[in-house]
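*Asks:* The structure under discussion is supplied below as structure tokens; questions concerning it will follow.
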Amino acid sequence: AQSVTQLDSQVPVFEEAPVELRCNYSSSVSVYLFWYVQYPNQGLQLLLKYLSGSTLVESINGFEAEFNKSQTSFHLRKPSVHISDTAEYFCAVTWTSGSRLTFGEGTQLTVNP
Amino acid sequence: DTGVSQDPRHKITKRGQNVTFRCDPISEHNRLYWYRQTLGQGPEFLTYFQNEAQLEKSRLLSDRFSAERPKGSFSTLEIQRTEQGDSAMYLCASSLRLPETQYFGPGTRLLVL
């Protein structure tokens, strides 16, 4: 079965420190990759996505992720985090043969002052 | 564009009762998805509609669950004879085409006592 693995369930960091949230998926066939962010008691908001083209994608609030086909990874990075980045982050994949999103179990990012 | 809306936002019910949730997608989106998210987990796919046709159902969707999208606009998800294990956040998402981004609503949080 196709699966998504987020290697860290919790990542605590200090404000202005860099952060990397790791995501690996199981199959190397054509994929579309997404990162969603979820604040407490809210739905999911799209952070960034890879559909095709450049393997490095960026969001408007300073996050970036790189699609690495050989390592089947789509890690999320930010060079300097803010308190407001505290949230749960979900990596999700859709394989081109289907429409459903398969999510990882999430990474809780906590930014401390 | 008013986004995806869901009603109610919260529902508390007693075991054995039936509940129904509603999802209104973004108006021009012809694809609609239901997911379930339990505490500390990523969302899991339940079912998917293209217009009024239900094209895919997860094995998670037992016989007690039924979803409809009668006119290709809003959708309802009904759970009959609720069980405590049905307690979760039920998320609805919509998209315009494959592999376009799925936009999520705020969710309906169900608690079965």
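Each reported figure results from applying straightforward, stated rules to the coordinates on display, with no laboratory input. What you see is a predicted model, and the numbers here were worked out from it, not measured in a lab. Cβ atoms come from the backbone with ideal geometry, glycine included; neighbour counts cover every protein chain shown.
*Asks:* Each residue of region A:102-113 in order: what ³J(HN,Hα) in whole Hz does its phi give by Karplus 6.51 cos²θ - 1.76 cosθ + 1.60, θ = phi - 60°, with x for Gly and Pro?
*Replies:* The phi angles translate into 10, 9, x, 7, x, 10, 7, 9, 10, 9, 9, x Hz.
*Asks:* Run the dipole for the protein assembly as shown about the Cα centre, Lys and Arg Cβ at +1, Asp and Glu Cβ at -1, nothing else charged, and hand back the magnitude in debye, nearest 20.
*Replies:* About 740 debye.
*Asks:* Could you work out the relative contact order of chain B, using alpha carbon pairs under 8 angstrom and six or more residues apart, expressed as a whole percent?
*Replies:* Relative contact order, chain B: 37 percent.
*Asks:* While we're on this one: Grab the eigenvalues of the alpha-carbon gyration tensor for chain B, scale each by 5, take roots, and send me the semi-axes largest first in whole angstrom.
*Replies:* Output for chain B: semi-axes of 23, 14, 13 Å.
*Asks:* Which of B:L39, B:I12, B:C92 sits farthest toward the positive end of the charge dipole of chain B, with +1 on the Cβ of Lys and Arg and -1 on the Cβ of Asp and Glu?
*Replies:* B:I12
*Asks:* About its Cα centre, how strong a charge dipole does region A:1-71 have in debye, to the nearest 20, once Lys and Arg get +1 and Asp and Glu get -1 at the Cβ?
*Replies:* Approximately 380 debye in magnitude.
*Asks:* Go from 0 up to the bin containing the longest alpha carbon distance in the protein assembly as shown, width 10 Å each, and give me the % of pairs per bin.
*Replies:* 8, 33, 35, 20, 5, 0
*Asks:* Can you sort B:W34, A:W95 from fewest to most other Cβ atoms within 10 Å of each residue's own Cβ?
*Replies:* A:W95, B:W34
*Asks:* Would you work out which of A:L51, A:A65, A:L76 lies farthest towards the positive end of the dipole of region A:51-105, given +1 charges on the beta-carbon of Lys and Arg and -1 on that of Asp and Glu, about the Cα centre?
*Replies:* Selected residue: A:L51.
*Asks:* Another question about this same structure. Enumerate the residues in region B:61-88 having an amide nitrogen under 14 Å from the point lying 7 Å beyond the Cα of B:Q17 toward its Cβ.
*Replies:* Flagged as within label range: B:79-84, B:87.
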